[in-house]
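Bear in mind that the values in this text are calculations on the coordinates, not laboratory data. Keep in mind that this is a model prediction, so the values were computed, not measured. We place every Cβ from the backbone using ideal geometry, glycine too, and count neighbours over all the protein chains shown.
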Amino acid sequence: MQALESMTVLLPWLLIHHLSALTPGHTSKCVLQNDFEPGLMANGDYVIGGIFPLHYNQEMPDLNCTYKPGPVKCNGFDPRAFRWALTMKLAVEEINKRADLLPNYSLGYTIFDSCAYPLTGQRSAVAVLNGPHGENSPMCEGAGPLLAIIGESGSAQSIVVSRILRPFGIPMISYFSSCACLSDRQEFPTFFRVIPSDAYQVKAIAKLLLHFKWTWVGVVRGDHEYGRFALQGLLKELEGTGICVAYQEMIPLLYERQRALEIIRVMNHSTARVVVVFSAEGELTPFLRDYMEQNVTGIQWIASEAWVTASVFTGSEYYPFLGGTIGFGIRQGQIPGLRQYLTTVNPEKYPSNPLVHELWGALYGCSPSSSSLNNHLPSCTGKETLRVQHSAYFNTSSPRISYNVYKGVYAIAYSLHNLIHCTPGKGPFSNSTCANLRSVYPWQLQQYLQEVSFTISGETVKFDMKGDSIPSYDLINWQRGSAGNIEFVNVGMFDGAQESGQELVIQEKAIIWPGHQTEQVLVSVCSNSCAPGFRKAVRRGQPLCCFDCVPCDSDSVECMACSEDYWSNADGTVCIPKVVEFLSHDAMGLTLTVIALVGACLTLAVFAVFLYYRNTPVVRINNSELSFFILLSLTLCFLCALVFIGEPTSWSCMLRHTAFSITFSLCISCILGKTLVVLAAFTATRPGNNIMKWLGPTQQRIIIFCCTLVQVIICTAWLVASPPFPYRNTKYTQSKIILDCSVGSDLAFWCVLGYIGLLACVCFFLAFLARKLPGNFNEAKYITFSMLIFCAVWLAFVPAYVSSPGKFTTAVEIFAILASSFGLLFCLFTPKVYIILIKPQKNTKQHLMGKDK
């Protein structure tokens, strides 16, 4: 490869050596030994070159070295490429008429035919360097008027031409070469293009395959750098996407029908029904003819931008085989006056131009009377109709490649305009100088070309440091036109400047698939997805996309797992919704709700009794205010159990734990205050003991407030640091989703319970000390018993809470709340209510103090 590159770089020098010789008078002057005239040319102050594939086939001369070989002949005139050349001519003439662009200067051009092959492309490159008859060649004299070249079409040709131009530093703007290899500034330092690099095209194709879930595809490419680099880029983009390439085939550069038939057999017998083709229309044309002869159908073609808008394939005979083709094409633009300009090109206006005569033969199938060519064609009468296969020559409603040529010419014009209007002392060259306008070198123009930025037809044109333009494509679908021919319909776009995931936009309803289908997207997979209950078993020696589906079992790997909200049935064949379980208003929930409401009502009833008999001794004997506080807090304890019933939410999760902890802390704090009063009251009867003055009503309130405040502070810190939240537990059991409240912070939860337990233990200890004090109504005994029940309930709660599954965890917590609340209510207030309502004769101070006889 390195040797080949070296030969390519040395080629212009070798050609000059062989193409030039000294005149008989031995004067030092360059003389061309072979003449290769341009197809179109015009003089100007500054000249740009153009290389276009005006023919798509070549005929090699006899290489018998006993005589001088003739030149390579170009056959098969291409009206489409001739339209590109005329677009360049139109753009130059437009620029020369403008007063705001290159005023007082004119552009000239020389346009050569590359014949669509690298070999004849080399000849065109050397010819455009030499100029007409070798005059003003940069290889023979100074700077020369040739500043830049518009070309080439194919990437293989552009690689050759760019290497030839490299020693002379002549910039080249390609309108149709998309190979990613041309972005290498080390190897192609003077190459620019107004078509996106294939690095973006393969990204677009990969996203297209993913979008339609085509995971099993074939790839066919041409035998050139364009096809090779495009294939490499596509394979790289497909890594890790789950898309596999079934086969990779190459169309020979020198077409061989036998090899083509082998490729067609591979395509026909493969299970991959989607084929990506990276090829130019030149080598693809004979291949598709053989493809149609074999009557192969049912393939979804993915076309590269090199042939997705090729007019040569628009004939009605192609539709049964290529209809539904989809691919990314060059963005279309607008060229004002192009169609009218094309109609002015005729043999009468250009009687001596052989290309115009060939155009007439291709368009109308006749030979102009003034032409020496196409003698096998009948003479033109002026009444001939336009040939259908070349009708696209005049179709300028949505130019694509022609628009690229147009942009390329204007890029050179704007760059040259900026060069000419350089401000002295502020130039980009050494010592801030500007270019000498009498001798402008191509490398000086390239400096401005690299930085040029202008707007044309609403589009901003500029180049990055690699010489690439802004990447964007139209998504093209081949559909049947009204006349039965193929029409290129825009069904989406790819914009590489957009954010990841938003580059590809597809109008799926506008797409026509192979077989005239509007909604049925062709399926191309090596193996169908495994049904639920089965797993993939990769086939030995085949890509990962090819697998067998075997039933899932205990030792299975990579079985299709049901989503989090589903689980498999007993047979492992269907994912069914999991039951969402929480303590709702079912039988258990309703039972607990009724019990909680009964407890609250009983507590309120006791409160009403105490309020009614508030002036009797049994109510007043031990701080009736504390009794009312205890009854109110017990009511809240019963009611807070209701918050635990129903579907957990963020608010209910936070409320249920904090309300429970604060109300119980308030209740136990009141009982603690009452216990201290009982203990102090009997201790104060001893001589010299005045402890009661330290436990008056105010002090009791302070004790209750402080004890409750500690719990409030703990709950506040809990809610701020790590509050409780709804939690979907899918791990405990496969068939259910347990919806419950996570405590958020286990430490805070156990601190809350621990503090309540601490208050209960202190209260129990003090009540236990006062249990044997005198009096018929020693409340300390009942407090002791109530605290014993309270502690027993909550000690039993801990293991039951930890081990209970699902909604029973919440039920256990509610049961503990209700059981301890009922225990406190019955132990503390049943004896008093009994005396008030059943034994009112004992509701006297004497009896309660144990002094009655």
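Side notes on the structure shown:
- Over segment 206-365, the fraction of Cα-Cα pairs per 10 Å bin, rounded to whole percents and listed from the shortest bin up, is 9, 33, 30, 17, 9, 2, 0.
- Its alpha carbons give segment 437-525 an Rg and a Dmax of 20.2, 64 Å.
- In terms of the mean number of neighbouring beta-carbon atoms within 10 Å, the peptides 209-215, 585-591 order highest first as 209-215, 585-591.
- From the largest down, segment 562-655 spans 75, 25, 14 angstrom on the principal axes of its Cα atoms.
- Positive minus negative residues near SER174 (Lys, Arg vs Asp, Glu; Cβ under 9 Å): 0
- Working ranking of peptides 76-82, 361-367 by packing, defined as the average number of other Cβ atoms within 10 Å per residue, highest first, is 76-82, 361-367.
- Listed pairs LYS97/LYS407; LYS731/LYS807; LYS736/LYS807; LYS781/LYS832; LYS674/LYS839; LYS89/LYS407 exceeding 20 Å between Cα atoms: LYS674/LYS839
- Protection proxy ranking for 239-246, 425-432, using the average of other Cβ atoms within 10 Å per residue and placing the highest first: 239-246, 425-432.
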